[in-house]
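**Student:** This structure is in structure tokens; I'll ask about it shortly.
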Amino acid sequence: MTVNLCAQRHDVGMNNASPRHPFDQALSLTARADGGFDGHTHPAYANMVGPYGGVTCAVLLQAVLQHPQRLGDPVVLTANFAAPIAQGPYTVHPRPARTNRSTQHWVVETVQNGEVVALGTVVTAVRRPTWSRPEARPPADVPPPQDLPALPTQALPPWVSRYDMRSVHNAFPDAFDGEEQPEARSVLWVRDEPPRPLDFAALASLSDCFLPRIFLRRRQRALIGTVSLTTYFHADAAALAAQGEAHLLATARGLNYHDGFFDQSGELWSRQGRLLASTHQLVYYKA
């Protein structure tokens, strides 16, 4: 949940003049002659002081997905947030650093006003049938999303309204009362709002949907900003297509808080209990 600068755009939401999903509007990239892409910030995914970090991750990945040299599907995305992204246009420059028989390594930079504001690496791969077994397990005895109330989004940053979140356990504090908790584990159902078929870019964005763990652990707000976020994709395009518009079961926990930085990990599961992605991020905090 990265803090950057808020942005404005005229085609927010879904209406007769602009029928595309807000997420697809936010990911809209125009190819440049130099191999890069032009993009623009979008207010539907604004955070408290800037765009939601998940959509920044999705834009980095989308630039690779749209590149004519791309080989295979994403298996790893790492996004590093170098500076605030200001209102307005930016350019994304993806570059294949190395291509092997079945894997490809990419370097991606988002540039605004002549400076790098976000940079990342992406690994894509052609998956081949092999021995496969899960070891992680999804939470058990979880009520279905339709039996749970949606998280109220009034007074929350705009990006929260772009997701239908339904808390199973500890997804959002009842109150910011300063009562420190022993742990910051959350379980929730989540999907795009309005519903949208799941794809790799949407999965990358959803990997940042968790409230910063320090908010839950200390039950008080703090100045925070994601420094680096890595998402591992455990599903191919067919598995994502099978998920469709259904809710994902998401879990997150904090690991350690020390001298201005903490890390948190998360998992995103299909309705059928398949692990689609896992994620880990490092967050700066001031407290």
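Here, each number is a calculation from the coordinates, and none is a lab measurement. Since we're looking at a predicted model, the values are computed, not measured. Don't worry about glycine lacking a Cβ; one is built from the backbone with ideal geometry, like all the others, and counts go over all protein chains shown.
**Student:** With labels modelled as points extended 7 Å from the Cα through the Cβ direction, what inter-label distance (nm, one decimal) is found for Asn256 paired with Ala242?
**Tutor:** Taking the two extended label points, one gets 3.7 nm.
**Student:** Could I ask something else about it? With a cut-off of 15 Å, note down the residues of the range 110-146 whose backbone N falls inside the zone around a label point 7 Å from the Cα of Ala82 toward its beta carbon.
**Tutor:** 110-122
**Student:** Can you give the local net charge around Ala175? Use residues other than it whose beta-carbon is closer than 12 angstrom to its beta-carbon, Lys and Arg +1, Asp and Glu -1.
**Tutor:** Its environment carries a net charge of -1.
**Student:** May I pose another question? How would Glu179, Glu109 line up from fewest to most surrounding beta-carbon atoms within 10 angstrom?
**Tutor:** Glu179, Glu109
**Student:** Just to confirm a number: summing +1 for Lys and Arg and -1 for Asp and Glu over residues other than Pro157 whose beta-carbon lies under 15 angstrom from that of Pro157, what do you get?
**Tutor:** Net of charged neighbours comes to 0.
**Student:** What whole-number value in cubic angstrom gives the convex hull volume per residue for the C-alpha atoms of the chain?
**Tutor:** Spelled out: Cα convex hull of the chain, divided by residues, is 143 Å³.
**Student:** Provide the packing ranking of 96-104, 81-89, i.e. peptides ordered by the mean count of other C-beta atoms within 10 Å per residue, highest first.
**Tutor:** 81-89, 96-104
**Student:** Please arrange Thr56, Thr130, Thr230, Thr41 by how many other C-beta atoms lie within 10 Å of their C-beta, fewest to most.
**Tutor:** Ascending number of Cβ neighbours within 10 Å: Thr130, Thr230, Thr41, Thr56.
**Student:** Can you give the local net charge around Leu229? Use residues other than it whose beta-carbon is closer than 13 angstrom to its beta-carbon, Lys and Arg +1, Asp and Glu -1.
**Tutor:** -2
**Student:** Which of the peptides 161-170, 246-255 is most tightly packed, and how do the rest follow, going by the mean number of other Cβ atoms within 10 Å of each residue?
**Tutor:** 246-255, 161-170
**Student:** Okay, next question. Report D for the range 179-287 in µm² per second (integer): Stokes-Einstein, Kirkwood Rh on Cα pairs, 10 °C, 1.306 mPa s.
**Tutor:** Taking Rh from Cα pairs, D becomes 110 µm²/s.
**Student:** Which FRET efficiency value, to the nearest 0.05, do you get for Ser132 and His105 by plugging their Cβ-Cβ distance into 1/(1 + (r/R0)^6) with R0 = 22 Å?
**Tutor:** With a Förster radius of 22 Å, E is 0.40.
**Student:** On a C-alpha basis, how far is the centre of the range 94-155 from the centre of the range 164-225 in Å? Whole number, if you could?
**Tutor:** 17 Å
**Student:** In what sequence do Ser132, Ser228 fall when counting other Cβ within 10 Å, fewest first?
**Tutor:** Ascending Cβ contact count within 10 Å gives the list Ser132, Ser228.
**Student:** Further, regarding this structure: Note down the magnitude of the dipole of the chain about its Cα centre, charges +1 on Lys and Arg C-beta and -1 on Asp and Glu C-beta and zero elsewhere, to the nearest 20 debye.
**Tutor:** 540 debye
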